[in-house]
Amino acid sequence: MTETYIREGRPETLGAVITQSGVNFAVYSRDAVSVTLFLFEKDDSERPAKSFELDPVKNKTGDIWHIEIGGIGEGALYLYKIDGPYDPTKGFRFNKHKYIFDPYAKAFSKGSVFLSYNNLHARGFVDNAGGEVLDLSNFPKCVVVKDDFDWEGDRPLNYPLEKTVIYETHVKGFTANANSKVTDGTGGTYAGFTKKTDYLKQLGVTAVELLPVFEFDENENGNVNPKTGGRLVNYWGYSTIGFFAPKTSYAFDKTPGGAVKEFKQMVKELHKAGIEVILDVVYNHTAEGNEHGYTFGLRGLQNDVYYHLPQGEKQYYMNYSGCGNSVNCNHPVVQNFILDSLRYWVLNMHVDGFRFDLASILTRASNGSPVPQDFPSITAAISQDPVLSKTKIIAEPWDCAGLYQLGGFPGGDKNRWSEWNGRFRDDIRRFIRGDENAATAAATRIAGSSDCYNHSGRKPTASINFITAHDGFTLNDLVTYNYKHNEENGEQNRDGSDDNLSYNHGFEGECSNPKIEALRIKKIKNFLIYLFVSQGVPMLLGGDEMRRTQNGNNNAYCQDNALSWMDWSLQEKNADLVRFTSNLINLRKNHRVFCRSNFFSDSYEKGFVPEISWFDMNAKNPDWTKQKRFLAFKLSGAGVQDNDFYVATNTDIYDLTITLPALPSDKKWYLVADTAMPCPQDCFEEGKEELLNEQRRYVLISGATVVLMGK
């Protein structure tokens, strides 16, 4: 290692910041009595090359410990040790034996926390009582990163929410499969993902929502696949270690800091293609787990500040996340930490938005109770932050302790937060499945879920509409399985939801019966139509457009293999469905009636043309008490300079001859889509719609949906 020298350093910016002469290190710890900085020669070094014990008089300002090391720079590797009181009953878990990560580290070297510590546990060590990792060759180190990159003038795309179409997928799983045709060895990486940009552009989506890319350790899962005997992993990544660092193993370039540049290149290329990048972020808990977990991060810095601890029993952790601990998001120090992280990803990594996992935890006060609406919570700070003012912010508006806030997620500006709408998912599933008397609830979802949002002055764009997501069945499996099949997760099929609102159409699993297959395809197309013609913001699960299957596994969090990866052979096998999906996306993008920024008006003034009209099968006002398995509506384009559209669905077992609503004399009905028809009649391209010979009657096949355009 080169010759180094020491200065006192400065406390203004936390983390490792390159200066003119070296690197300034700063870390927060209120009750530490000593802080030692360790530098490493290489990412696989067994032991530190140098150590620097910080002087609490010279190297501490307030609660910030700081030091500047001259003679080092980009790529320098480091860890801390923090000493202080170890008294779990008072919430203190300092441990001078533990190497601690910098919470502000912008990159990590390759390696595994959990594999490094597993050897200690096998020898009988208890984590918080000792057990120093003596061989650090496989232990990740924090990396000093230089924030320089040629963005070539890249700027945020800032699409309005009403014009946004989201595609949820996994960075690694998108191209990890050998049949992805990413042949240069970059499959499963940020670089490999970039090579599929053209596919996403042709499909028509405007944003990708990526499952967690903040650094995590997939080796924390100790379960074994009972079928193969292989060890399972944490594939989804909802277990954050580094809140500023892109995951190193997702990079083709695994040199220290290489992931940062590769991630930036991916964002830049997606932006060039007109595609925004939204990150699924996990600020509600960390990978350190409960009182039996590991110490390597926030716990070793200031446990009683960063985590929710029960009053009077601070040796335990409040577990609103279902993952062992819950971050104390509304403590001022933690608020600043979260805001700093979000700003970094926007300013330095150019991401366009965030989806907050279990976001209701962010609305809990330090005692665990929900914060009042006017409380200056972290969610209000996020919505009002000037740096984040144009970013998309999406809440998963619930947590694992029962705090369900759909339609009322608290966050300052009422029109800043959007929410994953679980009621849209459930009500549309019930209706398309053919449940009796499900049409009324489905109608409310189609119209933008005004019952959830309109009463508080919010807009349809508050609703992120989805049929399927990473958590649950894929769209193919939704019409293929009645029951979950999670046996390979190593939990005796106990994990995952038992209430999927699915239907296998007569046979459990894949089958070759042409009638069952035709029914399943028809239902998939029905779901896709309602995803894209409903008011709100549609989110498509990656692979649903080509019938990706997980073989009935509805909780594939631990399956880093072909079960979860995108199967690109399906792109050709199910090319008709890919085309159908792309045509629907373009239909939505080309017609403002499907993506309104305000709820439908209920004006009854003379001469007013209703913006949405509901019909029974005879084109009359429906009796909602009798609307069992039929639903139809017309969208008027008059107020938004667009065409009129008529959508009808027959979920009954019998075909129906329905009456179509009348159009002005100078317009006629054209067929846009009919899910009972073969390709290409199932969904026509824009401008190639088929004129209906019969303008007043239409035979709607059992289980089918039709979309008509008036022009």
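The values are calculated or read from the model by the stated rules, or taken from the named source; none is laboratory data. Given the structure is predicted, the values throughout are model-derived calculations rather than measurements. Note that we place each Cβ from the backbone using ideal geometry, even for glycine, and neighbour counts take in every protein chain shown. To get the accessible areas, we keep the full protein, side chains included, count just its heavy atoms, and leave off ligands, DNA and RNA. Shrake-Rupley method; radii C 1.70, N 1.55, O 1.52, S 1.80 Å.
Picking from Ser366, Ser341, Ser321, Ser360, which residue would you name as being at pLDDT 95 or above, on the phi < 0 side of the Ramachandran plot, part of a loop (DSSP other than H, G, I, E, B) and not aliphatic (A, V, I, L, M)? Give the derivation first.
Details: Ser366 fails: at pLDDT 95 or above; Ser341 fails: part of a loop (DSSP other than H, G, I, E, B); Ser360 fails: part of a loop (DSSP other than H, G, I, E, B).
Being at pLDDT 95 or above, on the phi < 0 side of the Ramachandran plot, part of a loop (DSSP other than H, G, I, E, B) and not aliphatic (A, V, I, L, M) holds for just one of Ser366, Ser341, Ser321, Ser360, which is Ser321.
Can you name every residue in the stretch 453-492 that is assigned to a loop (DSSP other than H, G, I, E, B), touching a strand residue (DSSP E or B) at 6+ places or on another chain (Cβ under 7 Å) and open to solvent by 10 Å² or more (accessible area, probe 1.4 Å)?
His470, Gly490, listed by residue number.
When you scan the stretch 161-178, do you find a residue that is at pLDDT 95 or above, open to solvent by less than 20 Å² (accessible area, probe 1.4 Å) and farther than 30 Å from Ala462 by Cβ, even just one? Let's see the steps before the verdict.
The initial filter retains those residues of the stretch 161-178 that are at pLDDT 95 or above, namely 161-178.
If we keep only those that are open to solvent by less than 20 Å² (accessible area, probe 1.4 Å) as well, we get 164-171, 173-175.
Remaining after also requiring farther than 30 Å from Ala462 by Cβ: 175.
Yes, there is a match, as at least one residue in the stretch 161-178 is at pLDDT 95 or above, open to solvent by less than 20 Å² (accessible area, probe 1.4 Å) and farther than 30 Å from Ala462 by Cβ.
Quick one: Gly91 ticks every box in (1) surrounded by 18 or more Cβ atoms within 10 Å (Cβ to Cβ); (2) on the phi < 0 side of the Ramachandran plot except a single one, so which number is it?
Every listed condition holds for Gly91 apart from (2).
Do we have Glu313 as surrounded by fewer than 17 Cβ atoms within 10 Å (Cβ to Cβ) and of a type in the set (D, E, K, R) here?
yes
For the stretch 34-87, which fully contained strands (runs of 3 or more DSSP E) count at least 1 residues that are open to solvent by 50 Å² or more (accessible area, probe 1.4 Å), under 30 Å from Lys254 (Cα atoms) and of a type in the set (D, E, K, R)?
Counting at least 1 such residues, we get 50-53.
Counting only residues that are of a type in the set (D, E, K, R) and not in a strand (DSSP E or B), which one in the stretch 659-677 is most open to solvent (accessible area, probe 1.4 Å)?
Per the stated criteria, the residue is Asp666.
Within the stretch 52-66, is even one residue in contact with a strand residue (DSSP E or B) (Cβ under 9 Å, 6 or more places away or on another chain), β-branched (Val, Ile, Thr) and under 21 Å from Pro140 (Cβ atoms)?
No: the stretch 52-66 contains no residue that is in contact with a strand residue (DSSP E or B) (Cβ under 9 Å, 6 or more places away or on another chain), β-branched (Val, Ile, Thr) and under 21 Å from Pro140 (Cβ atoms).
Of the residues that sit in the stretch 347-365 and are surrounded by fewer than 19 Cβ atoms within 10 Å (Cβ to Cβ) and in contact (Cβ under 8 Å) with a residue 40 or more places away in the chain, which one is nearest to Thr164 (Cα to Cα)?
Taking the candidates together, the pick is Leu347.
Any idea which of His470, His455 is at pLDDT below 95 and farther than 19 Å from Asp435 by Cα?
Criteria check complete, one pass: His455.
Considering only residues that are open to solvent by less than 40 Å² (accessible area, probe 1.4 Å), in contact with a helix residue (DSSP H, G or I) (Cβ under 8 Å, 6 or more places away or on another chain) and among the aromatic types (Phe, Trp, Tyr), which ones fall in the stretch 375-431?
Phe409, Trp417, Phe424, Phe431
Quick one: what pairs do we get from the stretch 387-406, first residue polar (S, T, N, Q), second in a strand (DSSP E or B) and open to solvent by less than 50 Å² (accessible area, probe 1.4 Å), C-beta under 6 Å, 6+ apart or different chains?
Short answer, once both residue conditions are applied: Thr391/Gly353.
Kindly establish whether Arg458 is more than 17 Å from the chain's Cα centre (by Cα) and either touching a residue at least 40 places away in the same chain (Cβ under 8 Å) or within 19 Å of Lys634 (Cα to Cα) (or both).
yes
I need the full set of residues from the stretch 683-711 which are of a type in the set (Val, Ile, Thr) and open to solvent by less than 40 Å² (accessible area, probe 1.4 Å), in order please.
Thr705, Val706, Val707
Would you mind finding the one in Val205, Val233 that is modelled with pLDDT of 95 or more and either in contact with a His (Cβ under 8 Å, 6 or more places away or on another chain) or crowded, with 24+ Cβ neighbours inside 10 Å (or both)?
On inspection, the qualifying residue turns out to be Val205.
Here are some residues: Pro610, Pro680. Which one is closer than 16 Å to Leu528 by Cβ, of a type outside the set (A, V, I, L, M), open to solvent by 20 Å² or more (accessible area, probe 1.4 Å) and assigned to a loop (DSSP other than H, G, I, E, B)?
The conditions single out Pro680.
Can you report the number of residues in the stretch 303-315 which are part of a helix (DSSP H, G or I) and either within 14 Å of Pro88 (Cβ to Cβ) or at pLDDT below 95 (or both)?
Here the count works out to 2.
Sort through Asp499, Asp544, Asp495 and tell me the only one that's open to solvent by less than 20 Å² (accessible area, probe 1.4 Å) and farther than 30 Å from Lys201 by Cα.
Numbers: Asp499 fails: open to solvent by less than 20 Å² (accessible area, probe 1.4 Å); Asp544 fails: farther than 30 Å from Lys201 by Cα.
Selected residue: Asp495, the only one of Asp499, Asp544, Asp495 that is open to solvent by less than 20 Å² (accessible area, probe 1.4 Å) and farther than 30 Å from Lys201 by Cα.
Report the residue count in the stretch 257-297 for those that are open to solvent by 10 Å² or more (accessible area, probe 1.4 Å), among the aliphatic types (A, V, I, L, M) and part of a helix (DSSP H, G or I).
0
Kindly list the number of the only condition in (1) surrounded by 14 or more Cβ atoms within 10 Å (Cβ to Cβ); (2) under 34 Å from the mean Cα position of the chain (by Cα); (3) farther than 15 Å from Gln535 by Cα; (4) free of Cβ contacts under 8 Å to residues at least 40 places away in the same chain that fails for Asp616.
Against the list (1) surrounded by 14 or more Cβ atoms within 10 Å (Cβ to Cβ); (2) under 34 Å from the mean Cα position of the chain (by Cα); (3) farther than 15 Å from Gln535 by Cα; (4) free of Cβ contacts under 8 Å to residues at least 40 places away in the same chain, Asp616 comes up short only on (2).
All but one of (1) under 30 Å from Phe633 (Cα atoms); (2) of a type in the set (D, E, K, R); (3) not in a loop (DSSP other than H, G, I, E, B) hold for Asp499, so report the exception by its number.
Evaluating Asp499 over (1) under 30 Å from Phe633 (Cα atoms); (2) of a type in the set (D, E, K, R); (3) not in a loop (DSSP other than H, G, I, E, B) leaves (3) as the failure.
Give me the pairs: first residue in the stretch 253-277 and at positive phi, second residue among the small types (Gly, Ala, Ser) and open to solvent by 10 Å² or more (accessible area, probe 1.4 Å), beta-carbon distance under 9 Å, and six or more apart or on different chains, which are they?
Final answer for the pair search is Gly257/Gly75.
Find the strands (runs of 3 or more DSSP E) located wholly in the stretch 154-252 whose residues include 1 or more that are in contact with a helix residue (DSSP H, G or I) (Cβ under 7 Å, 6 or more places away or on another chain) and over 30 Å from Pro103 (Cβ atoms), and list them.
In the stretch 154-252, 166-169 are the strands (runs of 3 or more DSSP E) which contain 1 or more residues that are in contact with a helix residue (DSSP H, G or I) (Cβ under 7 Å, 6 or more places away or on another chain) and over 30 Å from Pro103 (Cβ atoms).
Could you look through the stretch 553-606, keep only residues that are under 23 Å from the mean Cα position of the chain (by Cα) and charged (D, E, K, R), and pick out the one that is most open to solvent (accessible area, probe 1.4 Å)?
The selected residue is Lys589.
Regarding Val533, is this residue touching a residue at least 60 places away in the same chain (Cβ under 8 Å), crowded, with 24+ Cβ neighbours inside 10 Å and of a type in the set (Val, Ile, Thr)?
yes
Between Glu517, Glu545, which is within 22 Å of the chain's Cα centre (by Cα), of a type outside the set (Phe, Trp, Tyr) and in a helix (DSSP H, G or I)? Reasoning before the result, please.
Details: Glu517 fails: within 22 Å of the chain's Cα centre (by Cα).
On inspection, the qualifying residue turns out to be Glu545.
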